[in-house]
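Student: Submitted below is the structure of interest, expressed as structure tokens.
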Amino acid sequence: MSLKVYNSYSRQKEEFVPITPGHVGMYVCGPTVSGESHLGHARPYITFDVLFRYLTYKGYKVRYVRNITDAGHFEEEGREAEDKVGKKALLEKLEPMELVQKYTNLFHWAFKQFNCLEPSIEPTATGHIVEQINMIKKIIEEGYAYEVNGSVYFDVKKYAAGHDYGKLSGRIIDDLLSTTRELDGQEEKRDTADFALWKSAAPEHIMRWSSPWGEGFPGWHIECSAMATKYLGAEFDIHGGGMDLQFPHHESEIAQSTICNHTSPVKYWMHNNMITINGKKMGKSYNNVIKLTELFSGDHPLLTQAFSPMTVRFFILQSHYRHPLDFSSEALVASEKAFKRLWEAYEVLQKLRLPETGEGQIDEALESRVLNWLSEFEEFMDDDLSSPKVIANMFELAPVINSLKDGLIPTGALAASTIRLMQEKFHTFLEDIFGLHSENSANNNMLKGVMQLLIDIRKEAKNKKDFATSDKIRNQLTEIGILLKDEKDGGMSWNVN
RNA sequence: GGUCCUUUGGCCGAGUGGCUAGGCAAAGCUCUGCAAAAGCUUGUACAGCGGUUCGAAUCCGCUAGGGACCUCCA
């Protein structure tokens with residue numbers, strides 16, 4: 001079966017065929033480490049983490065490059081040539097690189113909580129100034145950039161004459177060129193649609209590098225072009241990022257790389273949609289940001305409780321990555337419960353007793369439904385990563401699993417091979433591909449031993465119909481957050497809430 | 001203003017022409033010493049109006065609401 005992905009560039013689903021058979025080059029726009037990551041950032045990195053995992057599952061050798069933007073861009077291009085990172089550093093009285101390090105560490109910490117795999121290469125913008133300068137030089141040589149007062153701009157009009165600037169983001173070039181917006185500093189540009197490749201640094205500017213055009217710093221878009229070219233080549237398979245980066249960032253990236261490398265850089269452009277809050281995009285300018293640390297601690301006016309990383313990951317996977325996802329505490333609570341129920345069914349499944357040969361009669365109808373649900377896992381993922389549908393099927397299977405365990409469905413109703421397949425598929429999709437894991441923090445042997453002791457005492461009490469003792473044990477455990485459940489067969493299980 | 005997207009049951013959220021998505025919540029039942037968990041059953045939703053069609057949540061048009069991008073943004 002073959003994977004189909006939605007290509008933003010062609011605006012349709014296309015069969016995924018890598019440029020080099022067996023290998024995939026994937027670039028994802030990483031974070032700007034001038035501040036703390038928020039819930040909105042979780043979506044692209046989890047989405048593309050799943051894609052990375054899925055491609056790997058499909059047997060591809062994937063080189064996953066995700067940059068760290070630590071050089072900072074303009075707060076408002078053309079208006080105040082302010083380096084975002086530099087400015088905040090002054091306020092916090094930190095060295096710029098100290099600030100960058102702090103937020104990079106925090107970013108890494110948060111996404112480790114989310115169980116995101118580390119990219120193959122995580123290049124930084126500041127570490128690739130030379131590559132960026134070389135690329136700009138090349139673009140000037142090609143005649144598509146010009147220097148003014150120590151800054152270098154990309155000539156969009158000239159580019160658009162021979163290329164389809166605006167195709168990715170659905171812009172009409174004439175509209176872009178005729179924009180009448182008045183911005184200070186625009187007079188340097190030949191055209192308002194032009195964008196900076198290199199900016200001359202004002203004296204107070206902290207982050208600065210020498211270049212053939214004087215002291216300055218790179219434009220925002222050039223870093224991705226330079227680093228993607230360096231590590232993935234002039235032409236690579238997948239470029240991912242948030243929808244809000246389509247224009248101008250990715251559009252400009254295409255233009256720069258195309259001129260520099262004489263080929264269109266990316267085969268498949270993939271964009272995730274936004275996380276909204278009350279219908280509005282989560283973003284600094286809207287003042288509706290929930291930082292990841294706040295999410296994990298529950299310390300935010302919009303949160304009724306803390307939410308674990310796995311709950312958030314599951315929440316994100318329950319919707320399709322190209323659709324907007326509206327956040328609310330209620331929605332997260334629902335996902336938390338759903339995830340818990342699914343995970344418990346998964347754990348039950350892994351411990352399910354396999355039927356002996358000839359034990360009971362196979363329920364053909366059930367068997368074929370189960371096999372169908374299982375085979376759809378991959379089918380759905382192949383269809384542009386339809387994780388919500390896979391999860392829906394898992395929930396169809398959960399009652400089957402629980403009923404097998406409780407004896408409501410006889411053990412022999414499903415063939416041993418079917419149950420084994422179910423175990424395998426759940427493991428593969430839930431853990432390897434979706435990247436989910438147990439949140440049961442009680443995985444230490446000492447607690448297990450203590451719990452076994454309590455369970456034994458409670459069983460004895462129950463056998464003696466000493467319900468006062470048995471209830472005391474259960475109730476007090478409940479109070480400290482351990483849930484004890486009586487099983488149908490007289491056994492007991494427990495989990496930490 | 002320009003370009004594009006979207007509007008599904010109490011809530012979240014799949015779904016692009018005909019077949020029950022799913023989750024959470026709610027109600028009833030079964031199991032249980034009681035409870036929890038689990039299982040079973042129940043909802044007949046697709047913004048409004050009109051059109052195409054044998055048939056539309058799904059295609060087209062209009063109206064209304066929401067949103068994204070056009071500026072740093074995941």
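Student: Take A:M270 and tell me if it is outside any strand (DSSP E or B), surrounded by 22 or more Cβ atoms within 10 Å (Cβ to Cβ), of a type outside the set (S, T, Y) and touching a residue at least 24 places away in the same chain (Cβ under 8 Å).
Tutor: no
Student: Going by what's in this entry, would A:W220 be described as among the aromatic types (F, W, Y), near RNA strand B (Cβ under 9 Å from one of its atoms), touching a residue at least 12 places away in the same chain (Cβ under 8 Å) and in contact with a His (Cβ under 6 Å, 6 or more places away or on another chain)?
Tutor: yes
Student: Within the range A:106-122, take every residue that is part of a loop (DSSP other than H, G, I, E, B) and touching a strand residue (DSSP E or B) at 6+ places or on another chain (Cβ under 7 Å) and give me the one that is surrounded by the most Cβ atoms within 10 Å (Cβ to Cβ).
Tutor: A:P119
Student: Another question, then. Considering (1) part of a helix (DSSP H, G or I); (2) free of Cβ contacts under 8 Å to residues at least 60 places away in the same chain, say which one A:E378 fails and leave the rest.
Tutor: Result: A:E378 fails condition (2) only.
Student: Another question about this same structure. Here are some conditions: (1) at pLDDT below 90; (2) over 30 Å from A:N272 (Cβ atoms); (3) not hydroxyl-bearing (S, T, Y); (4) not in a loop (DSSP other than H, G, I, E, B). A:L176 meets all but one. Which one does it not meet?
Tutor: (2)
Student: Oh, and also: Can you find a residue that is out of contact with any Lys or Arg (no Cβ under 6 Å at 6 or more places or on another chain), under 22 Å from A:L436 (Cβ atoms) and near RNA strand B (Cβ under 8 Å from one of its atoms) anywhere in the range A:273-293?
Tutor: Taking every residue of the range A:273-293 in turn, none turns out to be out of contact with any Lys or Arg (no Cβ under 6 Å at 6 or more places or on another chain), under 22 Å from A:L436 (Cβ atoms) and near RNA strand B (Cβ under 8 Å from one of its atoms).
Per-residue answers, yes or no, for (1) of a type in the set (A, V, I, L, M, F, W, C); (2) under 29 Å from the mean Cα position of the chain (by Cα); (3) within 16 Å of RNA strand B (Cβ to nearest atom); (4) at pLDDT below 95:
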{"residue": "A:R208", "(1), (2), (3), (4)": "no, no, no, yes"}
{"residue": "A:C224", "(1), (2), (3), (4)": "yes, yes, yes, no"}
{"residue": "A:M227", "(1), (2), (3), (4)": "yes, yes, yes, no"}
{"residue": "A:I238", "(1), (2), (3), (4)": "yes, yes, yes, no"}
{"residue": "A:G241", "(1), (2), (3), (4)": "no, yes, yes, no"}
{"residue": "A:D244", "(1), (2), (3), (4)": "no, yes, yes, yes"}
{"residue": "A:Q256", "(1), (2), (3), (4)": "no, yes, yes, no"}
{"residue": "A:H262", "(1), (2), (3), (4)": "no, no, no, no"}
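Student: Considering A:T56, A:T47, A:T20, which residue is in a loop (DSSP other than H, G, I, E, B) and either touching a strand residue (DSSP E or B) at 6+ places or on another chain (Cβ under 7 Å) or modelled with pLDDT of 95 or more (or both)?
Tutor: A:T20 is the lone residue from the list that is in a loop (DSSP other than H, G, I, E, B) and either touching a strand residue (DSSP E or B) at 6+ places or on another chain (Cβ under 7 Å) or modelled with pLDDT of 95 or more (or both).
Student: Consider A:S297 carefully, then state whether it is in contact with a strand residue (DSSP E or B) (Cβ under 7 Å, 6 or more places away or on another chain) and either assigned by TED's automatic domain parsing to the domain that holds A:V148 or on the phi < 0 side of the Ramachandran plot (or both). Walk me through it before giving the result.
Tutor: Values: in contact with a strand residue (DSSP E or B) (Cβ under 7 Å, 6 or more places away or on another chain): no; either assigned by TED's automatic domain parsing to the domain that holds A:V148 or on the phi < 0 side of the Ramachandran plot (or both): yes.
So A:S297 fails the test.
Student: Let me ask you something else. Taking into account only those residues within the range A:467-481 that are surrounded by 15 or more Cβ atoms within 10 Å (Cβ to Cβ) and near RNA strand B (Cβ under 8 Å from one of its atoms), which is nearest to A:K340 (Cα to Cα)?
Tutor: Among residues in the range A:467-481 that are surrounded by 15 or more Cβ atoms within 10 Å (Cβ to Cβ) and near RNA strand B (Cβ under 8 Å from one of its atoms), the one nearest to A:K340 (Cα to Cα) is A:R474.
Student: Can you tell which of A:K167, A:K230 is within 24 Å of A:V28 (Cβ to Cβ), of a type in the set (D, E, K, R), in contact (Cβ under 8 Å) with a residue 12 or more places away in the chain and in a loop (DSSP other than H, G, I, E, B)?
Tutor: A:K167
Student: A:G412 is checked against (1) within 30 Å of A:F307 (Cα to Cα); (2) surrounded by 15 or more Cβ atoms within 10 Å (Cβ to Cβ); (3) more than 10 Å from RNA strand B (Cβ to nearest atom) and fails just one. What number does that condition carry?
Tutor: Single failed check for A:G412: (1).
Student: May I ask you to list the residues in the range A:319-343 that are crowded, with 16+ Cβ neighbours inside 10 Å and more than 6 Å from RNA strand B (Cβ to nearest atom)?
Tutor: Across the range A:319-343, the qualifying residues are A:Y321, A:F327, A:L332, A:S335, A:E336, A:F339, A:K340, A:L342, A:W343.
Student: What pairs come out if I take residues in the range A:455-466 that are within 10 Å of RNA strand B (Cβ to nearest atom) and pair them with residues that are of a type outside the set (V, I, T) whose C-beta lies under 6 Å away, six or more apart or interchain?
Tutor: Note: pairs meeting the criteria are A:R458/A:S470; A:A461/A:S470; A:K462/A:S470.
Student: If A:L484 meets every condition in (1) over 19 Å from A:E344 (Cβ atoms); (2) within 8 Å of RNA strand B (Cβ to nearest atom); (3) surrounded by 11 or more Cβ atoms within 10 Å (Cβ to Cβ); (4) not polar (S, T, N, Q) apart from one, which number is that one?
Tutor: (1) is the only condition that A:L484 fails.
Student: Please work out which residue is modelled with the lowest pLDDT, limiting yourself to the range A:93-105 and to residues that are surrounded by 15 or more Cβ atoms within 10 Å (Cβ to Cβ) and touching a helix residue (DSSP H, G or I) at 6+ places or on another chain (Cβ under 7 Å).
Tutor: Once the filter is applied, the top-ranked residue is A:P96.
Student: Consider only pairs whose beta carbons are under 8 Å apart and that are at least six residues apart or on different chains; among these, list those whose first residue lies in the range A:468-497 and is aromatic (F, W, Y) and whose second residue is surrounded by 11 or more Cβ atoms within 10 Å (Cβ to Cβ).
Tutor: Listed by first residue and then by second, the contacts come to A:W494/A:M451; A:W494/A:I455; A:W494/A:L477; A:W494/A:I482; A:W494/A:L483; A:W494/A:L484; A:W494/A:K485.
Student: Identify, from the list A:Q350, A:Q361, the residue that is part of a helix (DSSP H, G or I) and either farther than 26 Å from A:L295 by Cα or among the hydrophobic types (A, V, I, L, M, F, W, C) (or both).
Tutor: A:Q350
Student: Let me ask you something else. Does A:H262 satisfy the condition of being within 24 Å of A:G162 (Cα to Cα), touching a residue at least 24 places away in the same chain (Cβ under 8 Å), crowded, with 21+ Cβ neighbours inside 10 Å and assigned by TED's automatic domain parsing to the domain that holds A:I133? Even if it seems obvious, please write down each step before you answer.
Tutor: Values: within 24 Å of A:G162 (Cα to Cα): yes; touching a residue at least 24 places away in the same chain (Cβ under 8 Å): yes; crowded, with 21+ Cβ neighbours inside 10 Å: no; assigned by TED's automatic domain parsing to the domain that holds A:I133: yes.
Considered against the rule, which asks whether it is within 24 Å of A:G162 (Cα to Cα), touching a residue at least 24 places away in the same chain (Cβ under 8 Å), crowded, with 21+ Cβ neighbours inside 10 Å and assigned by TED's automatic domain parsing to the domain that holds A:I133, A:H262 comes out as no.
Student: Among the residues of the range A:465-497, write down those that are of a type in the set (K, R) and modelled with pLDDT of 85 or more.
Tutor: A:K465, A:K472, A:R474, A:K485
Student: So which pairs qualify, if the first residue must be in the range A:273-294 and buried (at least 18 other Cβ atoms within 10 Å of the Cβ), the second must be of a type in the set (G, A, S), the Cβ gap must be under 6 Å, and the two must be at least 6 apart or on different chains?
Tutor: A:I275/A:G40; A:M282/A:G40; A:L292/A:S37; A:L292/A:A110
The values are calculated or read from the model by the stated rules, or taken from the named source; none is laboratory data. These numbers come from a predicted model, not from an experiment. All Cβ positions, even for glycine, are placed from backbone atoms using ideal geometry, and neighbour counts span all protein chains on display.
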